[in-house]
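First up is the structure itself, then whatever we jot down about it.
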Amino acid sequence: MIPKIIHYCWFSKDKNKPLPIVVQRSIESWKSILPDYEIKVWNEDTFNINSVPWVKECYECGCGSYAYMADYVRLWALYNYGGIYLDADQMVTKSLDSFLDNKMFVGMINPGEIGWGVIGAEQYNPVIKSLLDEYNNKHYIKKDGSLNICNNIYATTASIRKLYNFSSDVNLLQKFDGLTIYPKMYFYPVDEFHPTEDTHAIHLGMTSHYKMISVVMPVYNGEKYLRECIDSVLAQTFTDFEFIIVDDGSTDSTESIIKSYTDDRIVYIKKEHNGISEALNLGIRRAIGLYIARMDADDMMYPNRLEVQYKFMCEHPEYDMITAGFEWGNGKLEKEYFTYDEIDIPLEWFRGGNNPIAHPTVMMKTSSLKSLPFMYEKIYDGYEDFKLWHTMLTHGKRIHNIPDIVTYYRQHSNQSSTNMEKYYDHGMSYAEVGNCIVNAYNKKNSDTAQLTVIIPFQNEGYEVEKTVTSVRGTAKDVKIMLIDDNSNDGYNYKKVAEIFGCDYYRNETNLGVAGSRNFGVFHCTTPYFVLLDAHMRFYETNWDERLVKLLKENPERLITSNTIYFGKDENNIYLNEDGIQGRHSFGTYAASVNMTESGWEYTAKWTGGLLDQNPNAEVIPVSCVLGAVYASSVEWWFKIGGLTGLIKYGLDEPLMSIKTWLAGGEVLLIKNWGVGHLYRNGGNYAVTSTQVDHNQLYLIHLFSSDDKIPVYEEHLRKRIGDVAFNDAKAMLMQNYNKLVSFKKYFFTKVAKHDMSYFLELNAKVFC
């Protein structure tokens, strides 16, 4: 295992000389994206330059030879400590954790050439030792006084080729015993403007230019104020910047206005119209500056804005983002002063829909912004900045306000900030949105909570975070339990749990939904719980209070909701995520169990309507819960045996529902409560058909009389085939004694009704 250590070399006889911008930018990326890695710098103070002739002679020759010193020192550091060596101008764009399982890794840089700007190795790695030994009798200053200047890329590549007969193909992933060689795009794309999904680092020394600041400005049909805005940016006293203008498909004269400028600092990007978040993210991905300064096309910078903010950021590296004061008016330059004292901005300031930050006053560290799991989110278009500030704060970033007045913020009738109502078609006010987002990131588990939200998942990635955000944003007082069922997608679910104040458990072996839900209820510390899929959305505030009230009235209940369907299009964009379509027209009203006298299949059958004998009732009885969300009491769960007996996945809805009705409880659906459920082709759980068939057999044997079991088994055999049936039956028989024991317990100690009661209820009332 490669340890989490980053090594780099920086030798200089001038201790007071600042690091070049490319090095500053690279190191910032390491700190932001690899916060749990130790960073070791090797220089005159940390490495004995007199230890070997090669290094000593390189140092004596001066700065032009320092790179040759690093050829040895990086190998020495990797051999003695293990870790990952990075050239000082190697910017990291993604976590390097996925490479740590290698014994040693490098990347191709050119056809037939291995790059040595990124090297990972275990401590005391034998390959590194062999490369290091080549310097034992090697001198930088030859006997004739000339220098032993050579391209060590070629020399070291030749040494590796002697050990491994690797291909010259730069696009090939090559794995050998003791060495992995990654394709070129992993660490050495052509430049930072052409990364791919595989790119984890970029060699800035291969790019042609750099800037201290990237001003990023989206524009859509902004002709009215655009020229005034551009002029104010180009007139800055600080000149080391690029000005990225992203035209979001304007149909007015925006493009011609921009192209009328000849200033080479302007970078113009034209795209199809798809909203401000996408335009901003495109501009940020293109940015090459150490810092990003936001600007809007209807505002103006005061001449010293960039100078003031850049100076502060350099003097205060502890901050990831700063905002500043501004003056505002209706476009006629009536100036009203708006700022705060110099202060760190806390999360609580955003409650009630208050946004204390003016977007066009913001300057951010590029590396800090790019280290976030997501930047601007399209679903929040219109208050995308509002959401980003929350994301930054809850991911450990620091935001600071300086009182300097740096921007003129123009108010007019067409700007998005004065037309917020169009962004709240889902029925929530701006204040409600603010409260929900703040609540969503409440890191404290409540001591007064009566309800625990239990969310098992496997490889759900960002959906877990979206689901937890939705819960935290709408529930008044709940605990949340995340059960990671042995995910292997590399997503940092533990971090999500820390951010949102959740209990986090990870199954070291896959337990499936049934096992994970049983585990969750067992560890529940509140009297009530709700089981939830990891791809859900809540729209009603304080829904938890309704559940707790209903469960307190009768803890022998299962309570479920209606379903509001949402999905994703071919571009992975959410459709109907805010529940607009289904707000008053739910996708599912109830469920029953698919049962006939000829054969019980024990599958939940979703229905689009239900005979409602009491239209004024808050809840209606249903045969079966919807598995994506249902609640009960811990006491009731254990009394009726929970999901014990099921394997992995499938049929938990009919099992729990039938047991509840037979035990004298009831299954209820809240009529006017809908929960969003992401529908997609297939799920993320790895489930075999044998496991599902086993669960069918389990229910047949648990609920059927001895004379009916052969009838229903034969029905199942005909439906799934002999091979599948025999496999499932063999699996069932492995724990058959436990099934018999529980069946005896349930029907003698717990059940108040026999199966005829449920069959009648299911057939006559609910289907």
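What follows is calculated from the coordinates using simple rules that are stated; it is not laboratory data. None of these values were measured; they are calculated from a predicted model. Here the Cβ is made from the backbone with ideal geometry for all residues, glycine too, and neighbour counts use every protein chain on show.
Odds and ends about this structure:
- Along region 92-101 the Karplus relation, 6.51 cos²θ - 1.76 cosθ + 1.60 evaluated at θ = phi - 60°, assigns HN-Hα couplings of 8, 10, 9, 4, 9, 4, 5, 8, 6, 6 Hz to successive residues, with x for each Gly and Pro.
- Charge tally around Leu131: other residues with Cβ under 15 Å, Lys/Arg +1 each, Asp/Glu -1 each, net +2.
- The modelled label-to-label distance for the pair Arg227/Leu163, using points 7 Å beyond Cα in the direction of Cβ, is 6.5 nm.
- Of the peptides 12-22, 127-137, the order by per-residue mean of other Cβ atoms within 10 Å, starting with the highest, comes out as 127-137, 12-22.
- Annotation: the residues Val711, Val675, sorted from fewest to most other C-beta atoms within 10 Å of their own C-beta, follow the order Val711, Val675.
- Ser689, Ser741 arranged by Cβ crowding within 10 Å, fewest neighbours leading: Ser741, Ser689
- Note, ³J(HN,Hα) from phi for region 552-564, Karplus 6.51, -1.76, 1.60, rounded to Hz, x at Gly and Pro: 5, 4, 7, x, 8, 9, 10, 10, 10, 10, 6, 10, 10
- Residue order, fewest to most surrounding Cβ atoms within 10 angstrom, among Val106, Val619: Val619, Val106
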